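Comments concern the structure below.
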Amino acid sequence: MKMTWSKKKPNNKRPITPLSQNLPFEVEIPTHDFTVPKNEESDLISHSNGDDDDTIKLVESFQELGNKLAEDGKYREALGKWEAAILLMPDRAILHEQKAQILLELGETWNALKAATRATELEPSWAEAWITLGRAQLNYGEPDSAIESLDRALAIKPDSAEVRTDRQAALHHIQRRKQLQTSGLSMNQNRFAVVDKSESG
């Protein structure tokens, strides 16, 4: 059986209606005075500080949503919520620390290092920030710096088994690096030198 298409097509198109001739293309646009009166300027400044109740509630809701998303394994979405909260309140250390943890989970070590550093700058007496910074430094390949950060965490929280475990991991990396350096891998070479036995004898 041969199929053919009908040459007559139904006209389902709607008719084009002419545009109105009264469009305001050549009407002059009024200019506005964007200066803020002195009494309104102080109101703007007080709302831009980010410390009013509505902003705090919004930040806390973003933080809670981020926590829930992170628990569900939706790290990118959680990161978005925490970054939105950071935009509203950039001086909240917990948001930077949580952001650093998620970035470590996502494998974005450099960004995690920056976020954890910011958390320690904002709250230098908070052990969790130093722990996260130490982990980020360890993942970045800086075990010496990680030990310094973990030592700061131990000074704040001396009975933390978690910090001691992380510190041991950093020490293990330093020992492993020393072993590699003494076994033939120099700082200038990326690989071991392969030598033919006949050349060495």
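The values are calculated or read from the model by the stated rules, or taken from the named source; none is laboratory data. This is a predicted model, so every value here is computed, not measured. In this analysis, Cβ positions are derived from the backbone assuming ideal geometry, glycine residues included, and neighbour counts consider all displayed protein chains. Protein only, heavy atoms only, side chains kept; ligands, DNA and RNA dropped before computing areas. Shrake-Rupley method; radii C 1.70, N 1.55, O 1.52, S 1.80 Å.
Computed from the Cβ-Cβ distance with R0 of 41 Å, the FRET efficiency linking Asp52 to Leu171 stands at 0.30. Between Leu180 and Glu60, residue separation times 0.36 nm minus the direct Cα-Cα distance comes to 38.4 nm. Sorted on the mean count of surrounding Cβ atoms within 10 Å across their residues, most packed first, peptides 168-180, 123-135 read 123-135, 168-180. In whole angstrom, region 64-185 maps to an equivalent ellipsoid with semi-axes of 28, 16, 12, each derived as √(5λ) from the alpha carbon gyration tensor and ordered largest first. Within the accessible area of region 64-185, the carbon and sulfur atoms contribute 49%, probe 1.4 Å, all protein chains present. In order along region 99-108, phi translates into HN-Hα couplings of 4, 4, 4, 5, 4, 5, 4, 7, x, 9 Hz, rounded to whole numbers, per the Karplus curve 6.51 cos²θ - 1.76 cosθ + 1.60 with θ = phi - 60° and x for Gly and Pro.
Non-local lysine pairs in region 64-185, meaning eight or more places apart or on different chains, with alpha-carbon distances under 23 Å, amount to 9. Backbone geometry of region 70-85 corresponds, through the Karplus equation with coefficients 6.51, -1.76 and 1.60 at θ = phi - 60°, to 3J(HN,Hα) couplings of 5, 4, 7, x, 9, 5, 4, 5, 4, 4, x, 5, 5, 5, 5, 5 Hz, x marking Gly and Pro.
Surface exposure of region 83-168, expressed per residue as accessible area with a 1.4 Å probe, stands at 49 Å².
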